[in-house]
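Asker: Can you keep this structure in mind? I'll have questions shortly.
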Number of protein chains: 2
Amino acid sequence: MVTLAEVARHAGVSASTVSYVLSGKRSISAPTRERVEHSIKELGYHPNAGARALASSRSNILALMVPLRTDMYVPVMMEIAIAVATTARSHGYDVLLLTGEEGPAAVRRVTGSGLADAMIVMDVELEDERLPLLHAARQPTVLIGLPADTVGLTCVDLDFTATGALCADHLADLGHREIAVVGEAPAVYERHTGFAERTLEGLRRRAGELGVRLLHRPCEGSYESMDGTLSRIFDERPGTTGFVVQNEAAIDPLLSLLRRQGRAVPEDVSVVAICPEQVATQASVRLTSVAIPAQEMGRRAVELAVAKLAGRAPEEQVTLLAPELTVRASSGPAPGTS
Amino acid sequence: MVTLAEVARHAGVSASTVSYVLSGKRSISAPTRERVEHSIKELGYHPNAGARALASSRSNILALMVPLRTDMYVPVMMEIAIAVATTARSHGYDVLLLTGEEGPAAVRRVTGSGLADAMIVMDVELEDERLPLLHAARQPTVLIGLPADTVGLTCVDLDFTATGALCADHLADLGHREIAVVGEAPAVYERHTGFAERTLEGLRRRAGELGVRLLHRPCEGSYESMDGTLSRIFDERPGTTGFVVQNEAAIDPLLSLLRRQGRAVPEDVSVVAICPEQVATQASVRLTSVAIPAQEMGRRAVELAVAKLAGRAPEEQVTLLAPELTVRASSGPAPGTS
DNA sequence: ACGTGGTGTTGAAGCGCTTCGACTCCCTCT
DNA sequence: AGAGGGAGTCGAAGCGCTTCAACACCACGT
């Protein structure tokens, strides 16, 4: 292993000079810098991460807590994770992957050991048990998702309330008077995951304002449960002509079952999905959808974390990304509308 | 920040004693140990990761390289990643997430800096450009996937050759004489990803042995491309009655399109999928499938890495998991078979 | 009584890096 | 000409931990 001291000797300078060449924290004359850089290359020197972390009390690592659940909005999670990793690298950070499984213990471990300089937490619940720990931590934190109380927190999320309202608007504009919401799996609501409840709230409020009837049914992503859910919806509200789907996994089953039942999309029923662009464009019908900007969320979260580390970002800051609805082939005028 | 020295003072022992209590590398009398443990709890002490890494030259971190591509076998990747993270934790390791984007540079950075103790590399290509670097690294490596040349490497993978053969066997047993393989996207073959080519090889060889005709067509995961692929298949081989699908994303489109064309599964055509269990059981038809044991692969990879770190594992070791085919509702006797 | 071999504990020497203060030049301003 | 100051470099003091060699102690066998 080549050490900084060896580089210094090879270049004929002191260790501190090499360090300053590396960090740029002091000015170094061009000839010296070149000599040092040449020695670094020649010896194949790489700074030792542990020593660096110890001396500077900075690890250049960002911790990312992702939920363990493999059965839920996986593509979104993965997309966020990759955006986080990529953005982090562009700022000189590496990413430590923590699974939600450990919960608060993981937070304690990371903050206590100084393993990471900052944390990014996904899949935040309204009353998340990790919040008190994160508040108390030395390291800055950024949440992807919104807890009930955001005092003193930095959060990034899609504005799901506005998303719900947007969906309601779109369907109401097209003349739909009875809308069904195919939601996430019941477990998601039981955990009080913010985004699911917020979407619903946005939908309900706007539907109320517009005089549109709204029926919400949670739904697993399988064909069986979608089948059951669909029957119950049409039993209860035979006049339903508009659907809003929030569960990615339920999209294919929904389209498939509607087709089998002889209900044409968008002639008989309109469908609006809340999902990543890719899912919307690859479904059997090109879906009118509100995109979940996974990449953007990951990127923003890292940038906020880095800004907080540099001391140039307020403690409390809630970034809500404005939803955008793209009209595609799955929504149209309600039947009987001129 | 509480340091080990403070704990030592508080407990009335030397720093080294505290260290030995923590690591268990020397015997400590029960009373002393209890005193130290009590002090640790009382002061809320957490060892500093950087200092530890520096002094012991062990970071207790495993690096995991995942491909960047978000559009490909995402659920499998995610499942492996989570299994890796979980298993690693149970061995006292954390996981550093590296995206494939950086390629060899990431390998150099991690091995050079001693950031991680070992590496787990996913999505290995047959002639992977990272291999030479991994060979030269101080840190042990485990590959998930098989490169062309495995000399001196530790690899874990599903036996895809056997998987292909198994699928061919199953369909042949049911009397199918013309089989179509709906493969991964063309890009996957262009990159010479081992598993795709191996599956095909297994299929071809066994089909040849059994006198079954085999047609292979790469396919993207969208409806459009599936539609095109399907037409070409039936144009070229109208007698096709068996399908093997390897691209997860293509499964739903395939089933959907077959249904629309009036071809019943499994009465008219049989479908065998190579995918995770969950995908097979949640599709519109419960699919006969060979499971991709993502969790198992992740777990094994970590265990091998840990074993190598402990010096109790051979340098070269290829672990091929035996495929298992589960018969479900998508495969049956070929039409016209008694 | 004495050596012997465990067992439990300690002091001190680093691990490889960052960073602070100090020093030396040399240029500029008055 | 002398003060003042910026630029470039260095030495040394740690950062918090691990680990090695060494020591003290006790119980044992002879």
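Asker: Out of everything in the stretch B:40-67 that is among the basic types (K, R) and within 16 Å of DNA strand C (Cβ to nearest atom), what residue ends up being nearest to B:G112 (Cα to Cα)?
Answerer: Of the residues in the stretch B:40-67, the ones among the basic types (K, R) are B:41, B:52, B:58.
If we keep only those that are within 16 Å of DNA strand C (Cβ to nearest atom) as well, we get B:52, B:58.
On the way: B:R52: 18, B:R58: 13 Å.
Filtering the stretch B:40-67 for residues that are among the basic types (K, R) and within 16 Å of DNA strand C (Cβ to nearest atom), the one nearest to B:G112 (Cα to Cα) comes out as B:R58.
Asker: Please work out which residue is most open to solvent (accessible area, probe 1.4 Å), limiting yourself to the stretch A:199-242 and to residues that are touching a Phe, Trp or Tyr at 6+ places or on another chain (Cβ under 7 Å) and not polar (S, T, N, Q). Working first, answer last.
Answerer: To start, the set of residues in the stretch A:199-242 that are touching a Phe, Trp or Tyr at 6+ places or on another chain (Cβ under 7 Å) comprises A:199, A:202, A:218, A:240.
Okay, now just the ones that are also not polar (S, T, N, Q), so A:202, A:218.
Values: A:G202: 4, A:P218: 46 Å².
The qualifying residue most open to solvent (accessible area, probe 1.4 Å) is A:P218.
Asker: Also, I was wondering about something else. Can B:R26 be described as within 11 Å of DNA strand D (Cβ to nearest atom), farther than 30 Å from B:D128 by Cβ, at the interface with chain A (Cβ under 9 Å from one of its Cβ atoms) and open to solvent by 20 Å² or more (accessible area, probe 1.4 Å)? I'd like the intermediate steps shown before the answer.
Answerer: On the way: within 11 Å of DNA strand D (Cβ to nearest atom): yes; farther than 30 Å from B:D128 by Cβ: yes; at the interface with chain A (Cβ under 9 Å from one of its Cβ atoms): no; open to solvent by 20 Å² or more (accessible area, probe 1.4 Å): yes.
No: the conditions fail for B:R26.
Asker: Next question, about the same structure. Looking at the stretch B:107-143, which of its residues are among the β-branched types (V, I, T) and closer than 28 Å to B:S56 by Cα? Can you show your working first?
Answerer: Of the stretch B:107-143, the ones among the β-branched types (V, I, T) are B:107, B:110-111, B:120-121, B:124, B:141-142.
Those that are among the β-branched types (V, I, T) and closer than 28 Å to B:S56 by Cα: B:V107, B:V110, B:T111, B:I120, B:V121, B:T141, B:V142.
Asker: Shifting gears a bit: Taking strands (runs of 3 or more DSSP E) that do not extend beyond the stretch A:146-233, which have at least 1 residues that are farther than 28 Å from A:A305 by Cβ and not assigned by TED's automatic domain parsing to the domain that holds A:P314? Give the steps one after another, and end with the answer.
Answerer: Working: elements: A:154-158, A:178-182, A:213-217.
Output list reads A:178-182, A:213-217.
Asker: Residues to consider are A:V18, A:V36, A:V2; find the one that is open to solvent by less than 60 Å² (accessible area, probe 1.4 Å), more than 14 Å from every other protein chain (Cβ to nearest Cβ), closer than 27 Å to B:N48 by Cα and more than 7 Å from DNA strand D (Cβ to nearest atom).
Answerer: Working: A:V36 fails: closer than 27 Å to B:N48 by Cα; A:V2 fails: more than 14 Å from every other protein chain (Cβ to nearest Cβ).
Going through A:V18, A:V36, A:V2 in turn, the sole match is A:V18.
Asker: Suppose we keep only residues that are within 22 Å of B:V66 (Cα to Cα) and of a type in the set (D, E) within the stretch B:259-312. Which one would you say is least open to solvent (accessible area, probe 1.4 Å)?
Answerer: Just the residues of the stretch B:259-312 that are within 22 Å of B:V66 (Cα to Cα), to begin with: B:274-279, B:291-309.
After this cut, where a residue has to be of a type in the set (D, E) as well, the list is B:277, B:296, B:303.
On the way: B:E277: 82, B:E296: 54, B:E303: 73 Å².
Checking each candidate, the answer is B:E296.
Asker: Additional query: Please go through the stretch A:49-88 and give me each residue that is basic (K, R) and either without any contact (Cβ under 8 Å) to a residue 24 or more places away in the chain or facing another protein chain (nearest Cβ under 7 Å) (or both), ordered by number.
Answerer: Correct list: A:R52 only.
Asker: Here's a follow-up. Of everything in the stretch B:270-294 that's among the polar types (S, T, N, Q) and modelled with pLDDT of 95 or more, which residue is farthest from B:G332 (Cα to Cα)?
Answerer: At the first step, the residues of the stretch B:270-294 found to be among the polar types (S, T, N, Q) are B:270, B:278, B:281-282, B:284, B:288-289.
Remaining after also requiring modelled with pLDDT of 95 or more: B:270, B:288-289.
Details: B:S270: 6, B:T288: 9, B:S289: 13 Å.
Among those residues, the one meeting the criterion is B:S289.
Asker: Picking from B:R109, B:R130, which residue would you name as being over 16 Å from the mean Cα position of the chain (by Cα) and open to solvent by 30 Å² or more (accessible area, probe 1.4 Å)? Explain how you work it out, then say what you get.
Answerer: Values: B:R130 fails: open to solvent by 30 Å² or more (accessible area, probe 1.4 Å).
Sole residue among the options that is over 16 Å from the mean Cα position of the chain (by Cα) and open to solvent by 30 Å² or more (accessible area, probe 1.4 Å): B:R109.
Asker: If a residue has to be in contact with a strand residue (DSSP E or B) (Cβ under 8 Å, 6 or more places away or on another chain), part of a helix (DSSP H, G or I) and within 14 Å of another protein chain (Cβ to nearest Cβ) to count, how many in the stretch B:110-135 make the cut?
Answerer: 2
Asker: Quick check: anything in the stretch B:37-49 more than 30 Å from A:I82 (Cα to Cα), basic (K, R) and not assigned by TED's automatic domain parsing to the domain that holds B:G114?
Answerer: Within the stretch B:37-49 (the criterion being more than 30 Å from A:I82 (Cα to Cα), basic (K, R) and not assigned by TED's automatic domain parsing to the domain that holds B:G114), the answer is yes, since at least one residue qualifies.
Asker: Could you grab me the full set of residues in the stretch B:102-152 that are under 20 Å from B:V318 (Cβ atoms) and among the hydroxyl-bearing types (S, T, Y)?
Answerer: B:T141, B:T150
Asker: Still on this model: Looking at the structure I just gave you, is B:T99 within 9 Å of chain A (Cβ to nearest Cβ), at pLDDT below 95 and open to solvent by less than 10 Å² (accessible area, probe 1.4 Å)?
Answerer: On the way: within 9 Å of chain A (Cβ to nearest Cβ): yes; at pLDDT below 95: yes; open to solvent by less than 10 Å² (accessible area, probe 1.4 Å): yes.
Taking the combined requirement at face value, the residue satisfies it.
The values are calculated or read from the model by the stated rules, or taken from the named source; none is laboratory data. Here the structure is a predicted model, which is why all the values come from computation and not from measurement. Reconstructed Cβ throughout: ideal geometry from the backbone, glycine too, with neighbour counts over all protein chains shown. Side chains included, ligands, DNA and RNA excluded: accessible areas come from the protein's heavy atoms. Shrake-Rupley method; radii C 1.70, N 1.55, O 1.52, S 1.80 Å.
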